[in-house]
Amino acid sequence: MVIWPRVTGFLLVGYLCMTRSFAYLGITPLKIFIGEIVLAAFLLFKPRVALGTWAASLLRVSPLNALGFALLLFVAYGIWQVGRGVLGGSSIIYTLKFFIFNYYALYLFLGIWVGLQAPESLPRLIRALAWVHGIYGLIWLVVLRDVTALIPGARVQVFGAPGGAAFVILGLLCFERNLRAVWPVLALNVVILLAMQVRAQWLGLALGVLVWGLLTRRFGRVVTMGMVGLAVIGMVELADVRLTGRMSTFSLGEILSRVVAPIDVELAKQFSPNAKGHAGTAVWRERWWGQIWHSVHSTPMLEAFGHGYGFDLFALAPEDVRAGQEDWEVRTPHSVFYYALGYTGWVGVVLFVGLQVTILRLVWRSFRLGGAPAGLVFWVMGMSAACFEQSFDTPYKAIPFYLLVGMGIAPGLQTRGEWDARPARAQLLPVAGR
């Protein structure tokens, strides 16, 4: 049992700190990567934990009944879409890349199991992740971002950009009783979050913090988090530190411009001369989304089932959007809704939403029965950010989400005698009628 919490920690630290470069660990020529290797090992060595629990949830009364059924439909539909793509002429290897949207949800079982067997692992992991992510993120911003070395066999830099600051900040908020004790690492991760300039993560964190405040009624902490962010920005401004972010210089003006630009570009120009560029990254996505919507609704067949896995969805984007990116394999429209709609149609959207609703019910159960809000706020943050960035179609977004939410589900499954915290060989299902 000891190995799996460590494997989970390894995946979370790797994916959240190094994102895309960590995702390419594995056997690159064969397209076998760390996410698939770990999932295959989990299914092989712990079949009763994952497949056994999943199968039993379809046959016996348990809190996982709805999840098991929704996951069965979701994965089966993904398999059908793979077959559809292969029959349509796409190679099996290429088409399976789209299927990760479906089968990465199996990581929920690993997260639940680790959360049941080692309840203390998530708070400890958040603390360790906060320091590792903070230190690595600062080094990346100062030095590693300019390292041009690529992973052999892939056009991916060896040192990936940090992408877990929002999860770290929200995790510290949930688990640390005294934020003053961790203010250095909290401030460091706030700097990284702002410097990476990903608006979807800013939105996700804001909604996550708001939901946490509503659930716990500890709005003082919400105000504290806001003050920490303002203090960090103020210190950077006063010290006249020219820290280059992911796309532009780190400053209050640039931050405000990026937030306002998608809504009012003229107002955003008052804060930064880069406002047009900040707005452009949102505009081209909206234009692509519009083309996806129009294409999918052009026939009843496409409306129901989408274009299928393996389809070149980027070919629907306007020509000026595709200009200069012909050599890149672009599969994601940077929105989980338009990904599901474009490739799998409204049937796929309904199945994905159905799966997420069952997960939401389970994390709400954890909060209602055990008072544990982490899983719920992680879900809110992940889902809201996923509407505006690549998410469930990438391993460095999907796997951490399902692991963290799975661990957040676990406390509610141990409460009131409904779950036995013995090893998984005792089965992770309650006796009917409990």
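Bear in mind these aren't lab numbers, they're just calculated from the coordinates by the rules spelled out. Keep in mind it's a predicted model, so treat the numbers as computed, not measured. Glycine gets a Cβ as well: all are built from the backbone with ideal geometry, and neighbour counts include every protein chain shown.
Tabulated values for the structure
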{"read-out": "Length released on extending from Val259 to His294, taking residue separation times 0.36 nm less the Cα-Cα span", "value": "9.8 nm"}
{"read-out": "Net length gained if the chain between Ala304 and Val7 were fully extended (0.36 nm per residue, minus Cα distance)", "value": "103.0 nm"}
{"read-out": "Rounded to whole Hz, the Karplus (6.51, -1.76, 1.60) HN-Hα couplings of segment 99-108, x for glycine and proline", "value": "5, 4, 4, 9, 7, 5, 4, 5, 5, 4"}
{"read-out": "Percentage relative contact order, the chain, counting C-alpha pairs under 8 Å, at least six apart", "value": "25"}
{"read-out": "Interchain or long-range residues, amide H under 5 Å from Thr19's placed H", "value": "Gly163"}
{"read-out": "Phi to ³J(HN,Hα) by Karplus 6.51 cos²θ - 1.76 cosθ + 1.60 over segment 359-371, Hz, x for Gly, Pro", "value": "5, 4, 4, 6, 6, 5, 4, 4, 5, 5, 8, x, x"}
{"read-out": "Top of Gly111, Gly153, Gly85 by mean-square fluctuation, Gaussian network on the chain, Cα under 10 Å", "value": "Gly153"}
{"read-out": "Selected from Phe367, Phe33, Phe109 as most flexible by GNM, with the chain as the system and alpha-carbon contacts under 10 Å", "value": "Phe33"}
{"read-out": "Whole-Å semi-axes of the ellipsoid equivalent to segment 3-423 (Cα gyration tensor, √5λ, descending)", "value": "32, 29, 20"}
{"read-out": "Cα Rg, Dmax, segment 47-151, angstrom units", "value": "19.7, 55"}
{"read-out": "Selected from Ile359, Ile93, Ile169 as most flexible by GNM, with the chain as the system and alpha-carbon contacts under 10 Å", "value": "Ile93"}
{"read-out": "Positive-pole candidate from Tyr107, Ala195, Gly370, dipole of segment 3-423, charges at beta carbon", "value": "Gly370"}
